[in-house]
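One structure is given here, and the rest of the page talks about it.
The values are calculated or read from the model by the stated rules, or taken from the named source; none is laboratory data. Please read all numbers here as calculations on a predicted model, not as lab measurements. Please note: Cβ atoms are built from the backbone with ideal geometry, for glycine as well, and neighbour counts cover all protein chains shown.
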Amino acid sequence: MTPEPSDGDLRQATCAVVLAAGLGTRMKSALPKVLHPLCGLPMIAYPLRALTEAGIPSIFVVHNPALVSLREHLGQNVVLVPQSPPLGTAHAVQQAQPYAQGFAEVMVLNGDTPLIQPETIRALVQARRAADAAVALLTMTPANPQGLGRIVRSEDGARVRAIVEEVDCTPEQRRIREVNAGAYCFDGTWVWSALARVQPNPRKGEYFLTDLVALANAEGRAVVAVTVPEEEGLGINTRAELARAEAVLRQRINTQHMLNGVTIVDPATTYIEATVQIAQDTVIFPNTFLRGNTVIGEGCEIGPNSMLVDAQIGRRVRITYSVIEHSRLDDDADAGPFAHIRGGAHIGPRVHIGNFAEVKNSVLGAETKMGHFSYVGDATIGAGVNIGAGTITCNYDGERKHPTHIGDGAFIGSDTMLVAPVRIGEGAKTGAGAVVTKDVPPHTLAVGVPARPIRRLRPNED
Ligand code: UD1
Ligand code: CA
């Protein structure tokens, strides 16, 4: 039994080449295949993350410089290697030779195989070392092996003799259900000379990486396989496979949150992106989308039917049937049903935002209430303010946006129009239907169209 490779071992001995230069024609997309998003991250992020978590920091990504650049989607520590034109998977690995030569072993992962786990990468390394094999490769037995490279084994099944691409299969080989999952660990002293001997495939004209398996056998070198369930080896060539992979990832993400103490009432209709953080004892109700850099504190109730994008949510916050985008809600705030909070809004602690409310780029101070049918945009609102039903900040004059300021404890009567720029003083009040075009001094009642101050409020009246 070879011991599990230690972190130090992998770090120095093993590098990885990730193949991402293919055209991805079967996606029928202007976007390169490996940039299609899966649970909020581009597909290519997943194999890179699995390699990093497996303890392999030296990663070379083979890309096609003629396509949209991968650089902005990858960390700075990833080396991009150009392959142009893409002449097949063997040719792709060869492009990385100047970088990857000298490592004792070379992992190769298809960039379109996002479900592979770090433990599996380590198992491939271990299997190769244990047998001193030229290649350890990943296989699976999917329900439908169509389009994939078939694994031809020795009589006793112990050795892998060849990988035969479907185009080259005999009818008998086509019936083999075990296939190549597109992840390999190669002997680093052997792989470069072997790649130089690969001949173009007579039918497709491409250099197939999979031909290295027959080459190793011909040279008397061992080839071993590690087998995973279909849902880890799934490769993405079409958008139907993209959706299948997303379903698997979604389930993994949801399960992880549940194990961390989050209640998910209906995981099948809960869509949480890989980047989201949720603290314990929060409950997520059905049909809820949590996206981007959303962070949710303890004891919240989110959903049903809500979408949060880049939202910062405090503790014990309740959000129902609402959309929160690029905004923050502090402890014990609540929103909805049917609220839309967006554009950098900051909702203070214990604020109540009720039905059909929209808040954009505004600050609402602690315990302010905005219960019904209102729009607040570009406003700074103090603590303990009451925003009456139907209130609107008229912040846009057709050309420019203007700010509204409302002081602590103000009372904005139902259907008030606040024509910005405008200031409502601390403790001031507006009458129902007021159209406020001029600043209202503190502790003053203003009414009418256009609104005019009619009297100072008595203490305790505001
Ligand atoms: C490949 C394997 C097949 C395996 C399947 C698993 C080969 C010849 N076949 O088939 O045995 O069952 O993966 O999913 O390897 N790429 C490049 N440059 C190229 C061509 C491809 O970087 O010139 C990249 C692609 O972007 C992709 C990966 O290599 O990420 C695999 O290429 P793809 O064309 O998808 O191969 P499959 O037909 O899926
Ligand atoms: Ca593929």
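Tabulated values for the structure
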read-out: Near pairs, Cβ below 6 angstrom, 6+ apart or cross-chain, from segment 216-229 (farther than 13 Å from VAL179 by Cα) to any residue that is in a helix (DSSP H, G or I); value: ALA222/ALA131; VAL223/VAL213; VAL223/ALA216; VAL224/ALA127; VAL224/ALA131
read-out: Residue within segment 158-178 that is in contact (Cβ under 8 Å) with a residue 60 or more places away in the chain and in contact with a Phe, Trp or Tyr (Cβ under 7 Å, 6 or more places away or on another chain) present; value: no
read-out: Residue list for segment 19-53, restricted to those being within 16 Å of ligand 2 (Cβ to nearest atom), of a type in the set (A, V, I, L, M, F, W, C) and touching a residue at least 40 places away in the same chain (Cβ under 8 Å); value: LEU19, ALA20, ALA21, LEU23, MET27, VAL34, LEU38, MET43, ILE44
read-out: Some residue of segment 115-132 being in contact (Cβ under 8 Å) with a residue 24 or more places away in the chain, of a type in the set (Val, Ile, Thr) and within 16 Å of ligand 2 (Cβ to nearest atom); value: yes
read-out: Options GLU367, GLU358, GLU399; residue that is in contact with a Phe, Trp or Tyr (Cβ under 6 Å, 6 or more places away or on another chain) and over 19 Å from VAL436 (Cα atoms); value: GLU358
read-out: Verdict on ARG71 being surrounded by fewer than 20 Cβ atoms within 10 Å (Cβ to Cβ) and either under 23 Å from LEU249 (Cβ atoms) or at pLDDT 95 or above (or both); value: no
read-out: Members of segment 230-242 found to be in contact (Cβ under 8 Å) with a residue 12 or more places away in the chain and within 11 Å of ligand 1 (Cβ to nearest atom), listed by number; value: GLY233, LEU234, GLY235, ILE236, ASN237, THR238
read-out: Selected residue [within 16 Å of ligand 2 (Cβ to nearest atom), under 26 Å from ARG221 (Cα atoms) and within 24 Å of the chain's Cα centre (by Cα)] from VAL62, VAL108, VAL93; value: VAL108
